[in-house]
Amino acid sequence: MCGIGGIVGERDGGRLRAALAAMAGALAHRGPDDEGVEVIAAPGVMVGLCARRLAIQDISPAGHQPMTSPLAGRWICFNGEIYNVQEVREVLEARGHRFQGNSDTEVVLAAYGEWGDECLERLRGMFALAIWDAPRHQLFLARDRLGIKPIYYSEQGGTLLFASEVRALLATALVPAQLSRQGLASYLALGAVQEPLSLLDHVQTLPAGHYAVWKDHHLQLRPYWSLSAAFAREAPATDRATAAEQLRAMLEEAVRLHLISDVPLGVFLSGGIDSSALVGLVAHTAGRPPRTISVVFPQQRYSEEHYIRMVAERFHTEHAQVELDEAQILDQLPAALAAMDQPTFDGVNTYVVSRLARAAGLTVALSGVGADELFAGYDTFRIVSTLHKLRRFVPAVAAPAAAGLVRLAWGDTDRARKTARWVGRVDHGLTAYGLRRELFGPDARAGLCRIADDGLGTDEVAGPDWDAVNGTSYLELTHYMRDVLLHDTDVMSMAHGLEVRVPFLDHKLVEFCAGLPGKLKQERATPKPLLTEAVLDLLPDGARRRKKMGFTLPFSVWLRGPLRHEVESVLHDRHVGGQIAEAIDHDLIARVWGRFLDGKAEWVRPWSLYVLKMWGERHLPVGAAAIARGHAT
């Protein structure tokens, strides 16, 4: 696991080296074990690569990056883990390749030399990588199938810059710190920027399941894997018992592969079905109790301590736990906000538990991210189904009257406004999923941004022939999980030099689950019935039918208590936020805050605006200061 970056096409050697040094410095938290910077001279072009290493596989100097194969003339920077590395290594050795160390980075470089871009089809893991291919005079960038590891890029007048974090691009002073209005609208839609956008003009995310080739000062993107194709695949008919048996075998294989590590490893334990199943699978597969990490709260409605203790005792784990009270969150909040590479309404929870894991001596932690999206664990699945039934029940001619009745019955709350929009059919193109996950509606986004809103992202429609469960699952995987959960997991864990792995997102496991009928994954009586049946023997009795809580910090309480003064002062200050403050309507922000205090708006709306302004204050200075951080292109 590392932070990687590079610059290709810059002709000024001094400026290239200075920019690379700044980029590597901005990525230092991602790789505390080693640093490498290389400048490679090629005909007509200079190539700069940098890496900060968190050593996981082969912690010796043999894993140093950037890594080269001198005879082949190729260099690699690699961020991630390849879980089937031994399998790929054996195939390459049979083809005559010889290796100097035991890192997966060296294997990936050899795999690219053997198969070119087709090497990606053989890799099972999470990764973002860059390879300077001197024989072909091109740069090869690639990102894993589900988007677990990020890579951002910017094209500046024939020069390409790329890095694991947006902040590293800004640190070079070659990328202007200019707000993207489209990115801002995207953030307001979901509470996180949706790929391939960023909050910066001229900076984009390499999409999940894609690779890119930079050649002759031009970048071309190409897909190599499709999640929609996995859902569209017609699976053989099967019943739930058979599917659960097959799933169990795949879960055990995925967990076994994710345990590969030369450093201490543990499991995030929240007490829910997903993390409980993961602890059980690790104990069963490894044949020994795992280490577990948990965060609990003094407010009982948010605490899952009872279930956490139940699982820890069942598997005799070496357990570390911290109770997070208001004073502690106030202490940690500034550092958590500073760790955000791009703003997000979520993420502070991951920052807290990652900090605890690192303090407990772990370098790697397993997380249950992905299970709710694959196995219909969120209430989103139920809500989307209910919204569809509601619209079928209300005929178009009665839609305006039905909307009025909703507002009359429920008052002027966020929930009432959303439901009235849905039954009133006032937003053409609005989907049930888009309504469920949106942070601010189109009118609010347009008002806050002061620009016309085009409904970014949240109105995407799943495959027309998929059942409702699979359609919602696809959208959850490509929106909430990828743009919020995976982004936050990467940034907040790497802020502490911690690698977080997500076994439920093993791509072979995802392909299997995507191909199953939705009816096998959802029923009213049992939460996540397919997953539950597959791991039934591993779950304590009390954990099998419990309602989902999720690892959520009690922000609604804190915003009315210890955080009120801080958040209120930032939201009301028209000068805090840099370019964000100039772009957003503060009168509407004041209304959002007032509605929250009146109990009409959910906490996530004012909190997301507070985080946005704090991020803008840190990263998007106004006027000449913004231009000074970049150069004219």
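Test of understanding: given the chain, find the longest segment containing no GluC sites (Glu not before Pro) that are in a DSSP loop and have at most 15 other Cβ atoms within 10 Å.
It works out to 1-233.
Starting from the Cα of ASP587, step 7 Å along the direction of its Cβ; do the same at GLU313; then give the gap between the two resulting points in nm.
Taking the simple label geometry, ASP587 and GLU313 are separated by 5.9 nm.
Regarding segment 2-225, what's the average projected area of the Cα-atom convex hull, expressed in nm²?
Hull-based average projected area comes out at 11.6 nm².
Calculate for the chain the 222 nm mean residue ellipticity that helices alone would give, adding -39,500 (n - 2.57) per DSSP H run of length 4 or more and normalising by residue count, nearest 500 deg cm²/dmol.
-12500 deg cm²/dmol
I need to check one value: relative contact order of segment 2-225, counting alpha carbon pairs closer than 8 Å and at least 6 residues apart, in percent.
Reported as a whole number, the value is 19 percent.
To make sure I understand, if each residue's beta carbon is the centre and we count other beta carbons within 10 Å, what order do ARG417, ARG595 fall in, fewest to most?
So the ranking, lowest neighbour count to highest, is ARG595, ARG417.
Hey, can you rank 396-402, 289-295 by average C-beta count inside 10 Å, highest first?
Highest mean packing first, the order is 289-295, 396-402.
Label-point separation (nm) for LEU405 and GLU568, each offset 7 Å from Cα along Cα-to-Cβ?
Each label point is offset 7 Å from its Cα along the Cβ direction, giving 4.0 nm.
When the Kirkwood hydrodynamic radius is evaluated over all pairs of different C-alpha atoms of the chain, what value in angstrom, to one decimal, is obtained?
With all distinct Cα pairs of the chain included, I get 25.4 Å.
What number do you get for segment 555-628 when its Cα radius of gyration is normalised by 2.2 N^0.38 Å, N = residues?
Its radius of gyration relative to the 2.2 N^0.38 Å reference: 1.14.
Find the relative contact order for segment 65-117 and round it to a whole percent, using C-alpha pairs within less than 8 Å whose residues are 6+ positions apart.
Here the relative contact order equals 37 percent.
Of the beta bridges DSSP finds with both residues in segment 193-341, what % are antiparallel, to the nearest 5?
Antiparallel: roughly 40 percent of the beta bridges in segment 193-341.
Given points 7 Å out from each Cα along the Cα-Cβ axis, report the ARG122 to GLU253 separation in nanometres with one decimal.
Result: 1.8 nm between the two label points.
Where in segment 557-572 is the amide nitrogen less than 19 Å from a point lying 7 Å along the Cα-to-Cβ axis of ALA327?
558-559, 561-566, by backbone N distance to the label point.
What's the local net charge at ILE151, with K and R +1, D and E -1, over the other residues with C-beta under 13 Å away?
Neighbourhood net charge equals -2.
No lab work stands behind these numbers, since they all come straight from the coordinates. Just so you know, these numbers come straight off a predicted model, no measurement behind them. All Cβ positions, even for glycine, are placed from backbone atoms using ideal geometry, and neighbour counts span all protein chains on display.
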